[in-house]
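Here's the structure, in structure tokens; my notes come after.
The values are calculated or read from the model by the stated rules, or taken from the named source; none is laboratory data. This one's a predicted model, so the numbers in the text were calculated from it and none came from an experiment. For neighbour counting, all protein chains shown are included, and Cβ atoms are generated from backbone atoms with ideal geometry for every residue, glycine included.
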Protein chains: 2
Amino acid sequence: MKKIKVNLGKRSYQIVIGDKISSQIGSLIKSLQLGEDALVITNSFLKKRFGLKLAGYLKKSGYTVKFEVVPDSEKSKSAKQVFRLIDRIGEYDVKRRLFIIALGGGVIGDLSGFVAAIYKRGVNYIQVPSTFLAQIDSAIGGKTAVDLSLGKNLVGAFYQPRLVLSDISVLLSLDKKQIRSGLAEAIKYGVIQDRQLFEFIEKNTAKIINLNQKALEYIVYRCSRIKAKIIQIDETETKGIRTILNYGHTIGHALETAGGYQVYSHGEAVALGMIAAARIARDLNLLDDKSCWRIKNLISKAGLPTSVRSINRDKLLNAISHDKKFIRGKNRFVLPVKIGKVIVREGIPLSIIKKSINSLMK
Amino acid sequence: MKKIKVNLGKRSYQIVIGDKISSQIGSLIKSLQLGEDALVITNSFLKKRFGLKLAGYLKKSGYTVKFEVVPDSEKSKSAKQVFRLIDRIGEYDVKRRLFIIALGGGVIGDLSGFVAAIYKRGVNYIQVPSTFLAQIDSAIGGKTAVDLSLGKNLVGAFYQPRLVLSDISVLLSLDKKQIRSGLAEAIKYGVIQDRQLFEFIEKNTAKIINLNQKALEYIVYRCSRIKAKIIQIDETETKGIRTILNYGHTIGHALETAGGYQVYSHGEAVALGMIAAARIARDLNLLDDKSCWRIKNLISKAGLPTSVRSINRDKLLNAISHDKKFIRGKNRFVLPVKIGKVIVREGIPLSIIKKSINSLMK
């Protein structure tokens, strides 16, 4: 079992990573004084697959456990779902000693974290991420949100969990598409901060895709460590440091938007965005040819797309210029300067952006 | 103009108090970098009475201004209103440089603060409290909330404003009932922390009720200073220090609940609660007879009720035992030990609570 501390003063917490560590949840949360009554927010698949077992461990340690099941879809990140959950929690929390366990991927983590943030001005919650992507990214850092019709994540809060419990064994039931989606973000961590991680993924791509437990654990550990470090410096994204986590996301988000969130998964879109940003960096003479090629090559090796299909070029360019990362009209890109280091650049000429888009469209 | 700093590290802000200081809003917010586009959340009366003038000052300083008007009622503190406002804000905030101005009493402050807390994980907001009660209490400290059908303030966040602008001239249109309601809380501050304030109110009761500007300004200043001090030590009510602000509120809230929020205003209920708590303190030999009498006498002089009418005794006792300040079955009271000092006591015998209730019922 590996532990990483996220140092945020009074809001500090640990990320605990290991195989089958869910069984130790009782002793892991004991000293945190979270409360006595656990409410597990999850979906019906995860409830059956892991939740009931988790509940057993909790009950053995003296906690009461209830479940709230939400549909397994981005649609669950709605205001309606938030208020349905809070009504249920209000009924359940008669003894005022409730805490929340978010058992799921990004959707359940974002939704449950937001509910925990606003119920009675904040109750304790822990994250038990069930996807590769959630373990290395969304479960860490306290970004919680729900969607409104006007936009994704339009409503939310920065509200830190009290513990992130990343049980590697939970990943072993994921399909290859989900693993690849997480792997795209792992490659991102390599490019922005960790050459050693990047090279590990280069050497062990097949092992990872085939769910080798040791390989997954290593990646979750390295990525969590980077995310923890960045959050410690820039908890609420005000210092521009957390921005480097957006490598690949400017064009990535535009691809998701232009495709109506139907064509590409988040990981696939980010993979394409990373290739495009690497090319922009190369065209600006910030990155050498070989590193640019290595990024694209690793993405390809991971089974992620390297060129764009079925998305209209103009729609994509339009989506890019409406991205929130375009501060007051100026575009902003996270650009690699070598494997393991990125810089943030504003005001990239449109001609260079278009050139990188065109090369994706080939 | 008087300024009080609320020291909360990165979340520090000033409370600015003075007569007609709204006209200086432009220079007061200039250095805060709140944004360029002000959205004023208020009610229709306040919009006409002060809002349009405030908008003029803001425009003169180069800000754009829009209004969102909400009904002047506790019913505005609803999830429905939150999402209506956020939809409007989303449409208005195309340039991503919006900030919120809460112009109103406790309801508008709580609602606007909560909207500011959750829109895009937090935007800047300032409080321009329009009631005596809001200036000395609710506008300071970042407690934001809305009501659900299951309970008042069931949903909320701790989210600090960037400035509290307490313009005393705004109070001059209040009716006597509103002034008395605020005065109850001012007396509370005197009892819990500030003997000098208590004695000032004793000597100047009539002046205050008759809206003497200097007297009001002195009280707003003294109370704001106490509230700021308490919040600095216990921002999120986790250390039990902010608890002392609940003097008079255990029985006060029960009176509001038992009366269905129709019989007593918040200030009236707190006034009765303070008398009851003083009697409990006296019966426990914590407070001398004379101080107990002075508290009741000042409440009476302020034109606030000193005995309970039209509320059923059993209903009241039942409401007391369901109060959230009863932690795990144990009751908890803030009890004065002299004018200017209180202690927190748990597990007060029911017989003593009943005796103080009975004396209120006479």
Does at least one position in region A:299-312 carry a residue that is in a helix (DSSP H, G or I), outside the structural domain of residue A:133 (by TED's automatic domain parsing) and buried (at least 23 other Cβ atoms within 10 Å of the Cβ)?
yes
When (1) assigned to a helix (DSSP H, G or I); (2) at pLDDT below 95 are applied to residue A:291, the one that fails is (2)
For region B:1-18, the count of residues that are without any contact (Cβ under 8 Å) to a residue 60 or more places away in the chain and not hydrophobic (A, V, I, L, M, F, W, C) equals 4
**Request:** State whether one or more residues within region A:115-129 are within 14 Å of chain B (Cβ to nearest Cβ), under 23 Å from residue A:234 (Cβ atoms), surrounded by fewer than 24 Cβ atoms within 10 Å (Cβ to Cβ) and not charged (D, E, K, R).
**Result:** yes
Check your understanding: Is there a residue in region A:235-248 that is part of a helix (DSSP H, G or I), of a type in the set (Asp, Glu) and either surrounded by fewer than 23 Cβ atoms within 10 Å (Cβ to Cβ) or in contact (Cβ under 8 Å) with a residue 60 or more places away in the chain (or both)?
Key -> no
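Condition check ((1) away from every other protein chain (no Cβ under 14 Å); (2) at pLDDT below 95; (3) closer than 23 Å to residue A:175 by Cα; (4) assigned to a helix (DSSP H, G or I)) across all residues:
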site	(1), (2), (3), (4)
A:256	yes, yes, yes, yes
A:275	yes, no, no, yes
A:280	yes, no, no, yes
A:324	no, yes, no, no
Flagged in region A:163-199 as of a type in the set (A, V, I, L, M) and in contact with an Asp or Glu (Cβ under 8 Å, 6 or more places away or on another chain), in numbering order, are A:168, A:184
Over region B:180-196, the set of residues touching a Lys or Arg at 6+ places or on another chain (Cβ under 9 Å) and β-branched (Val, Ile, Thr) is B:191, B:192
Scanning region A:213-245 residue by residue, those over 21 Å from residue A:15 (Cβ atoms) and not small (Gly, Ala, Ser) turn out to be A:238, A:239, A:243
task = Take residue A:316 and decide whether it is part of a loop (DSSP other than H, G, I, E, B), in contact with a helix residue (DSSP H, G or I) (Cβ under 6 Å, 6 or more places away or on another chain) and surrounded by 17 or more Cβ atoms within 10 Å (Cβ to Cβ).
result = no
Selection from region A:182-234 of residues surrounded by fewer than 16 Cβ atoms within 10 Å (Cβ to Cβ), among the acidic types (Asp, Glu) and assigned to a loop (DSSP other than H, G, I, E, B) yields none
Within region B:326-360, the residues that are among the aliphatic types (A, V, I, L, M) and modelled with pLDDT of 90 or more are B:334, B:335, B:337, B:339, B:342, B:343, B:344, B:348, B:352, B:353, B:357, B:360
With the structure loaded, tell me whether residue B:98 is in contact with an Asp or Glu (Cβ under 7 Å, 6 or more places away or on another chain) and in the same structural domain as residue B:78 (by TED's automatic domain parsing) or whether it fails that test. yes
Scanning region B:19-56 residue by residue, those assigned to a helix (DSSP H, G or I), in contact (Cβ under 8 Å) with a residue 40 or more places away in the chain and either on the phi > 0 side of the Ramachandran plot or small (Gly, Ala, Ser) (or both) turn out to be B:22, B:51
Flagged in region A:69-110 as aromatic (Phe, Trp, Tyr) and touching a residue at least 60 places away in the same chain (Cβ under 8 Å), in numbering order, are A:99
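Yes or no, residue by residue, for (1) closer than 21 Å to residue B:224 by Cβ; (2) more than 11 Å from chain A (Cβ to nearest Cβ); (3) buried (at least 20 other Cβ atoms within 10 Å of the Cβ); (4) within 16 Å of the chain's Cα centre (by Cα):
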| position | (1), (2), (3), (4) |
| --- | --- |
| B:69 | no, yes, no, no |
| B:77 | no, yes, yes, yes |
| B:88 | no, no, no, no |
| B:103 | yes, yes, yes, yes |
| B:144 | yes, no, yes, yes |
| B:154 | no, no, yes, no |
| B:164 | yes, yes, yes, yes |
Flagged in region B:258-278 as over 18 Å from the mean Cα position of the chain (by Cα) and on the phi < 0 side of the Ramachandran plot, in numbering order, are B:258, B:259, B:262, B:263, B:275, B:276, B:277, B:278
Yes or no: region A:37-47 includes at least one residue that is surrounded by fewer than 21 Cβ atoms within 10 Å (Cβ to Cβ), farther than 24 Å from residue A:153 by Cα and out of contact with any helix residue (DSSP H, G or I) (no Cβ under 8 Å at 6 or more places or on another chain). yes
Within region B:97-126, the count of residues that are assigned to a helix (DSSP H, G or I) and touching a strand residue (DSSP E or B) at 6+ places or on another chain (Cβ under 8 Å) comes to 11
Note: among A:65, A:16, A:94, just one is part of a strand (DSSP E or B), more than 30 Å from residue A:230 (Cβ to Cβ) and of a type in the set (A, V, I, L, M), namely A:65
